[in-house]
Amino acid sequence: MPEHPVIILTTTPDLASAEKIANLLVERRLAACVNLVPEVRSVYFWKGEIVRDKEIKLFIKTASHRAEAAAQAIKDNHPYTVPEITTLGLTGGVAMHDGYWQWLIDYVGR
């Protein structure tokens, strides 16, 4: 399959950890852009109870050949024991405007 766009989603407990992960991914060219969406409300089950938290949502835009390394970098640098790392489009299926895709792939490489 040819190179294609991938979106990785994760959450962090605070802006500092979100910015750390975002900067690391872009500096290492594992992503071309990371959007940080402040104060999403999360409801989840953890250690026997339902938890309600405010978190930062990250939308990480990358290419399929960088997705595995990006996911590993997130895992290695994430403050959570079990971070969300949801990958959309790993086997295709993410539609991205041609110009934006070209900019992304020019940055992360082929």
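Determine whether the stretch 44-58 contains at least one residue that is in contact with a Cys (Cβ under 9 Å, 6 or more places away or on another chain) and either of a type outside the set (Asp, Glu) or at pLDDT below 95 (or both). Explain how you work it out, then say what you get.
Filtering the stretch 44-58 down to residues in contact with a Cys (Cβ under 9 Å, 6 or more places away or on another chain) leaves none.
No, the conditions are met nowhere in the stretch 44-58.
Checking the condition of a type in the set (Val, Ile, Thr), free of Cβ contacts under 8 Å to residues at least 60 places away in the same chain, in contact with an Asp or Glu (Cβ under 8 Å, 6 or more places away or on another chain) and surrounded by fewer than 17 Cβ atoms within 10 Å (Cβ to Cβ), which residue from 40, 82 passes?
On the way: 82 fails: in contact with an Asp or Glu (Cβ under 8 Å, 6 or more places away or on another chain).
Only one candidate qualifies: 40.
Which residue, of 51, 94, 82, is touching a Phe, Trp or Tyr at 6+ places or on another chain (Cβ under 6 Å) and either more than 12 Å from residue 30 (Cβ to Cβ) or β-branched (Val, Ile, Thr) (or both)?
Unique residue meeting the criteria: 51.
Please work out if residue 99 is touching a His at 6+ places or on another chain (Cβ under 8 Å) and either surrounded by 12 or more Cβ atoms within 10 Å (Cβ to Cβ) or on the phi < 0 side of the Ramachandran plot (or both).
On the way: touching a His at 6+ places or on another chain (Cβ under 8 Å): no; either surrounded by 12 or more Cβ atoms within 10 Å (Cβ to Cβ) or on the phi < 0 side of the Ramachandran plot (or both): yes.
Spelling it out, it is not the case that residue 99 is touching a His at 6+ places or on another chain (Cβ under 8 Å) and either surrounded by 12 or more Cβ atoms within 10 Å (Cβ to Cβ) or on the phi < 0 side of the Ramachandran plot (or both).
Does residue 63 satisfy the criteria of being touching a Pro at 6+ places or on another chain (Cβ under 8 Å) and closer than 19 Å to residue 96 by Cα?
For residue 63, the condition - touching a Pro at 6+ places or on another chain (Cβ under 8 Å) and closer than 19 Å to residue 96 by Cα - is met.
What is the residue count in the stretch 75-96 for residues that are among the polar types (S, T, N, Q) and at positive phi?
Restricting attention to the stretch 75-96, the residues satisfying the condition of being among the polar types (S, T, N, Q) are 77, 81, 86-87, 91.
Next, from what is left, pick out any that are at positive phi: none.
Final tally of qualifying residues: 0.
Is one or more of the residues making up the stretch 21-30 touching a Lys or Arg at 6+ places or on another chain (Cβ under 7 Å), in contact (Cβ under 8 Å) with a residue 24 or more places away in the chain and crowded, with 21+ Cβ neighbours inside 10 Å?
Among the residues of the stretch 21-30, at least one is touching a Lys or Arg at 6+ places or on another chain (Cβ under 7 Å), in contact (Cβ under 8 Å) with a residue 24 or more places away in the chain and crowded, with 21+ Cβ neighbours inside 10 Å, which makes the answer yes.
The values are calculated or read from the model by the stated rules, or taken from the named source; none is laboratory data. Only a predicted model underlies this, so the values are computations on that prediction, with no experimental measurement involved. Glycine gets a Cβ as well: all are built from the backbone with ideal geometry, and neighbour counts include every protein chain shown.
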